[in-house]
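Below are the structure tokens for one structure; questions will follow.
The values are calculated or read from the model by the stated rules, or taken from the named source; none is laboratory data. Predicted, not measured: the structure shown is a model, and the values here were computed from it. So basically every Cβ, Gly included, is an ideal-geometry build from the backbone, and we count neighbours across all protein chains shown.
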Amino acid sequence: MFRSRYLRQQPALRPVRAMTALLRTLLRLAPLCLLGACAGGGADGARTQPRLLRLEARDFTFATPAAVPAGLTRVRLVNRGAEWHEAGIARLPEGTSAEAYLAGARAGESFPVGAVDFGGPGKVATGDSSEVVLRLAPGRYAIVCWADGHVKRGMIATLIVTEPEPGAQRADTSAAPPSSDAVVALQDFRFVHAPGAFRGAPTVLHLRNEGRRPHDMTIYRLHPGRTLREFGAWYRSRQGAPPAVPAGGMNTLAPGREGWASLTLPPGRYFIACGTPEGETIHAAMGMIEEFEVR
Ligand SMILES: [Cu+2]
């Protein structure tokens with residue numbers, strides 16, 4: 001999540017239609033499961049999918065349910081806006097509110113009200129979506145888009161995570177974390193993972209913040225022939241079309257927190273970057289950035 005002062009306005013981008021098409025196909029094939037109906041628990045007691053929390057981003061609002069039960073949750077962000085959007089899920093300390101978070105963000109704070117960053121779906125372009133699995137504890141949360149400082153324009157929503165209902169408890173406890181294909185450790189200040197963790201086939205990455213600072217992992221796909229250096233130049237100047245497009249990832253995780261990101265990356269050149277702020281800079285500028293190729 002590139003926060004507040006680091007990014008300015010971005011031009012509208014072409015949708016990533018391939019991923020949207022894939023999503024549509026999946027929705028046709030298994031509408032009930034993807035709509036969360038499978039979270040009620042299998043008759044045979046088998047592990048079930050975590051329940052789905054669907055967030056829709058527009059310029060500059062979130063559509064979200066008011067409340068969801070605690071437990072493992074698939075959080076899907078669908079970007080219906082023209083801008084790049086993301087969804088950070090931050091647990092608000094007792095006695096604070098999304099309004100207080102917003103006031104802090106507008107006052108220039110990078111980590112308002114001492115909220116705990118629980119992760120969230122990484123940044124995607126218009127028409128695209130991204131999905132993560134998180135373990136949500138009961139409490140009051142803010143859903144925030146820090147991309148280009150959108151939160152300051154009011155792109156924030158409240159989500160209440162309730163104690164699981166007695167009847168639903170079994171479903172929550174029987175939902176297992178996704179089996180992951182690779183672990184990506186977020187350390188101060190680098191990504192640590194096995195070679196080949198990022199690949200073209202559908203992949204679940206288990207992200208763990210092993211550092212002492214909050215971290216995120218935003219994925220960008222470079223347009224053919226474009227380079228990370230060119231992206232850096234564009235990032236500073238904001239002149240012309242961006243040389244890369246965001247492709248999801250994991251929003252900011254507080255130290256010790258974890259989550260799972262579901263990815264299907266078309267072939268191409270990519271980089272991952274941590275946009276979490278550190279003083280006047282961001283972790284990407286401190287070396288927490290890595291380029292790779294998906295074949
Ligand atoms: Cu970081």
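Exactly one condition in (1) among the hydrophobic types (A, V, I, L, M, F, W, C); (2) at pLDDT 95 or above; (3) more than 17 Å from the chain's Cα centre (by Cα) is false for residue 205; which is it?
(3)
Let me ask something else. Given the options 176, 194, 171, name the one that is at pLDDT below 95 and loosely packed, with under 14 Cβ neighbours inside 10 Å.
176
Can I ask one more? Among the residues that make up segment 223-230, is at least one of them more than 11 Å from the ligand (Cβ to nearest atom), closer than 24 Å to residue 83 by Cβ, at pLDDT 95 or above and not in a loop (DSSP other than H, G, I, E, B)?
Yes - at least one qualifying residue is present in segment 223-230.
Sticking with this one: Taking strands (runs of 3 or more DSSP E) that fall entirely within segment 119-215, which contain at least 1 residues that are among the acidic types (Asp, Glu) and in contact (Cβ under 8 Å) with a residue 24 or more places away in the chain?
Because the criterion is at least 1 residues that are among the acidic types (Asp, Glu) and in contact (Cβ under 8 Å) with a residue 24 or more places away in the chain, the strands (runs of 3 or more DSSP E) in segment 119-215 that meet it are 129-136.
Could you identify the single residue in 259, 275 that is crowded, with 20+ Cβ neighbours inside 10 Å, within 11 Å of the ligand (Cβ to nearest atom), within 17 Å of residue 124 (Cβ to Cβ) and touching a residue at least 40 places away in the same chain (Cβ under 8 Å)?
275
Residue under question is residue 252, and the condition is that it be closer than 22 Å to residue 76 by Cα, touching a residue at least 24 places away in the same chain (Cβ under 8 Å), touching a Ser or Thr at 6+ places or on another chain (Cβ under 9 Å) and within 16 Å of the ligand (Cβ to nearest atom); does it hold? So that I can check it myself, show each step before the final result.
Working: closer than 22 Å to residue 76 by Cα: yes; touching a residue at least 24 places away in the same chain (Cβ under 8 Å): yes; touching a Ser or Thr at 6+ places or on another chain (Cβ under 9 Å): yes; within 16 Å of the ligand (Cβ to nearest atom): yes.
Judged against the criteria, residue 252 is a match.
Is at least one residue of segment 116-124 more than 16 Å from the ligand (Cβ to nearest atom), within 17 Å of the chain's Cα centre (by Cα) and closer than 20 Å to residue 261 by Cβ?
Yes, segment 116-124 contains a residue that is more than 16 Å from the ligand (Cβ to nearest atom), within 17 Å of the chain's Cα centre (by Cα) and closer than 20 Å to residue 261 by Cβ.
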